[in-house]
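Colleague: The structure's right below; bear with me while I get my questions together.
The values are calculated or read from the model by the stated rules, or taken from the named source; none is laboratory data. Here the structure is a predicted model, which is why all the values come from computation and not from measurement. A quick note on method: Cβ atoms are made from the backbone with ideal geometry, for glycine too, and the neighbour counts reach across all protein chains shown. The protein model used for the area step is the full one, side chains on, heavy atoms only, and it has no ligands, DNA or RNA in it. Shrake-Rupley method; radii C 1.70, N 1.55, O 1.52, S 1.80 Å.
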Amino acid sequence: MTAPGRVPFRDGFLTRDLADLDAVHLAGSTCNTCGIALFGERHRCENCSSRDLRPAVFAPTGTIFTYTVQRYPPPQPHAVPEPWTPRPLAWIDLDKGPRVMGVVDCEPETVAIGSRVRLRCEIGWIDAEGCKVVSYKFEPAEQSA
Amino acid sequence: MTRAMIVGVGMTRFGRHPDTHFTRLASQAIDEALDHADMEFRDIQQAFCSRVYLPSATGARVMETMGRTGISCPDVEGACGAAVAGLRQATMMIEAGQIDIALAFGVEKIGKGFMPPDILYEDWQCRMGMTQNPQYWALNAMRHMHDHGTTERHMAMVAAKAKRNGALNPKAFFQTPMSVEQILASPMVTDPLRLFMLCSPVDGAGAAIVVSDRIAHRYSSKPVEIAACEHAVSRFPLLNASSFCATPTGHPSVYASTARAAYEAAGIGPEDLDVAEVQDNDAFSEIEYYEELGFCAPGEGARLVEDGVTELTGRLPVNTGGGLQARGEPLGASHYGQVYEIVKQIQGDARSRQIERARVGMAQVFGAWGHCGVTLLKRGWA
């Protein structure tokens, strides 16, 4: 790991080099048998159980398939910003990638089904060992992106 | 093959029971079921206890209050589908001829508010705040509105129906009727779902006595046949499991596939149903289940609401007991609340919420990580 003191929110779900957060991508596996893209590195395909998988790094851009707005803070334990403000949460179809869930960092009124978004990795919280945990969210992308 | 028949059902009122130990809740439901069947507990040959938040060996602890008769009683856990998984085990043992009398029951105690997330989600999902259960249904609802023109008012109409039916059910947690306008004026929790469109996790217990058809007449003049009891864990993808809201794989939703398996096992179709209890975690999900379970074509769920088809007086009354929205949801016991309602309807004992014709009914649940269950019940006497 080239960034001492940083860890991914879960192994195999982000590209390995965490030093430059702008260069971190969501990662996983693509199945060579059924073709499905899976968020998170796997040893078998969640869809067809095949062991024939290849590592995948996913595009940082995508389209909102559907969304909701969380009006209340989620139950503990959470690491959401204080003070609480309502925030959109969406299923996002990554370009040529899987559908993933993520918070969209913007005013709730500005999101819609079909909106374009871009990945943003950040230090989400500090874990029990004192490491900075790299997590992800999305932010609105220019429509031309 | 031996057929499995329900000869007794029981349930506590679902709701807040802070001062009642969970073993007492369970034994109240079991006692009612035994009385319904005019049966002694020592006649039970096998038991299955369903629970989610309660501790290890909950079933064995319940045996301590009912009598240690030396039978097997494992816990069966499967999130909101825990109870159907237990009922299925009992059904299969009866059908296989291994035993003649089984007790299937569930019990839960849980606090107010959003469910404690740590046993349902990974730590990182908790940290990122992806742990409000209703948000998953809200995401489906938003897409359904976009694709099919379903409105908040449709959802409020479903919620109002639940409250209306719950007001007729003395076992329901929420027994106050509420207008569509009141529901639409309640606080938004996760768009487009408002507070009074959501079910509440509650305390409670439910039980069913399942026996072989050979001996059912000893315990009931009106046995109810378990025509099918199916349970499955969703295929990929998981949480966005419905057919209109999934990473395209070609798989049907777990709701549709489990229902199809049940219909095939029972040799009936959705057109044969007289009554149904479905997993209305929220008012939108009920509309979704109309479509996924085959009550109507895809995209036409809201039309059933508009046409009153699923009201008590409609062609296919749904959630006559108030559904999860009014009855409340004690996870491990929830399916037994549904089964209780369908059995009472088929036996003609549903009092002020009795529907006109009830010979065949469905009870359907769905829980975290893709647990889905469908039980089909039908009149088991001539």
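Colleague: For the protein assembly as shown, please report how many Lys pairs fall under 14 Å Cα to Cα, leaving out neighbours fewer than 8 apart on the same chain.
Modeller: 5
Colleague: Something else now. Between the helical axis of B:133-148 and the dominant principal axis of chain B, each derived from Cα atoms, what acute angle in degrees is found, rounded to the nearest 10?
Modeller: Long axis of B:133-148 versus the principal axis of chain B: about 50 degrees.
Colleague: Taking a virtual spin label 7 Å from the Cα of A:Cys131 along the C-beta vector, which residues in region B:122-144 bring their backbone nitrogen under 16 Å of it?
Modeller: B:123-125
Colleague: Here is a further query. Roll a 1.4 angstrom probe over the protein heavy atoms and tell me the percent of accessible area of the protein assembly as shown that is carbon or sulfur.
Modeller: 48 percent
Colleague: Still on this structure, I have one more. Which angle from 0 to 90°, rounded to the nearest 10, does the C-alpha axis of helix B:254-266 make with the longest principal axis of chain B?
Modeller: Result, in degrees: 40.
Colleague: Quote the charge dipole size of chain A about the Cα centre in Debye, to the nearest 20; the model charges only the Cβ of Lys and Arg (+1) and of Asp and Glu (-1).
Modeller: 420 debye
Colleague: Determine the equivalent ellipsoid of region B:100-193 by diagonalising the alpha-carbon gyration tensor, then write out the semi-axes as square roots of 5 times the eigenvalues, largest first, rounded to whole Å.
Modeller: 26, 24, 14
Colleague: Can you compute the modelled spin-label distance between B:Arg218 and A:Asp17, with each label point 7 Å from Cα toward Cβ, in nm?
Modeller: 7.5 nm
Colleague: Past the 25 angstrom mark, what percentage of all C-alpha to C-alpha distances in chain A do you count?
Modeller: Of all Cα-Cα distances in chain A, 34 percent exceed 25 Å.
Colleague: Now a separate question. At the nearest 100 Å², what buried accessible area, both sides summed, do you get for A and B when the probe is 1.4 Å?
Modeller: 3100 Å²
Colleague: Give me the net charge of A:Val134's neighbourhood, meaning all other residues with Cβ under 9 Å from the Cβ of A:Val134; Lys, Arg count +1, Asp, Glu -1.
Modeller: +1
Colleague: With the crude spin-label approximation of a point 7 Å out along Cα→Cβ, what separation in nm comes out for A:Val80 versus B:Arg153?
Modeller: Calculated label separation equals 3.1 nm.
Colleague: Taking each residue in B:138-145, count the Cβ atoms of any other chain within 10 Å of its Cβ, then average. What number comes out?
Modeller: Counting Cβ atoms of other protein chains within 10 Å of each residue's Cβ and averaging gives 5.
Colleague: Which residue, chosen from A:Gln70, A:Ala37, A:Pro88, occupies the Cα position most advanced towards the positive end of the dipole of region A:6-140, where the dipole is computed from +1 (Lys, Arg) and -1 (Asp, Glu) charges on Cβ about the Cα centre?
Modeller: It is A:Ala37.
Colleague: Any chance you could check the Cα centroid distance between region A:87-108 and region B:1-59 for me, in angstrom?
Modeller: 43 Å
Colleague: While we're here: Sorted from largest to smallest, which semi-axis lengths in Å does the alpha carbon gyration tensor of the protein assembly as shown give for its equivalent ellipsoid, taking the root of 5 times each eigenvalue?
Modeller: 41, 25, 22
Colleague: Using a simple spin-label model with points 7 Å from Cα along the Cα→Cβ vector, what separation in nm is obtained for B:Ile119 and A:Glu122?
Modeller: Result for the modelled spin labels: 3.3 nm.
Colleague: Then there is this: At a 4.7 angstrom Cβ threshold, list every cysteine in chain A that has nobody to pair with, or say none.
Modeller: Lacking a cysteine Cβ partner under 4.7 Å: A:Cys106, A:Cys121, A:Cys131.
Colleague: How much FRET efficiency would the formula 1/(1 + (r/R0)^6) give for B:Ser56 and B:Asp272, where r is the Cβ-Cβ distance and R0 is 51 Å, rounded to 0.05?
Modeller: So, using R0 = 51 Å, E works out to roughly 0.80.
Colleague: May I ask you to derive the relative contact order of region A:6-140, considering only C-alpha pairs under 8 Å and at least 6 residues apart, and to give it as an integer percent?
Modeller: Computed value for region A:6-140: 23 percent relative contact order.
Colleague: Can you tally the net charge around B:Pro330? Count Lys and Arg as +1, Asp and Glu as -1, for every other residue whose Cβ sits under 12 Å from the Cβ of B:Pro330.
Modeller: The answer is +3.
Colleague: Return the calculated 222 nm mean residue ellipticity for chain B, to the nearest 500 deg cm²/dmol, obtained by summing -39500 (n - 2.57) across DSSP H runs with n ≥ 4 and dividing by the residue count.
Modeller: Mean residue ellipticity at 222 nm (helix-derived): -10000 deg cm²/dmol.
Colleague: At 1.4 Å probe radius, can you tell me the per residue accessible area of the protein assembly as shown in Å²?
Modeller: It amounts to 38 Å² per residue over the protein assembly as shown.
Colleague: Right, another one. What net charge do the residues around B:Ala79 carry, taking every other residue with its C-beta under 14 Å from that of B:Ala79, with Lys and Arg at +1 and Asp and Glu at -1?
Modeller: So the environment of B:Ala79 carries a net charge of -4.
Colleague: If I fit a long axis through the Cα atoms of helix B:82-95 and take the longest principal axis of the Cα atoms of chain B, what angle between them do I get, 0 to 90°, rounded to 10?
Modeller: Tilt of helix B:82-95: around 40 degrees.
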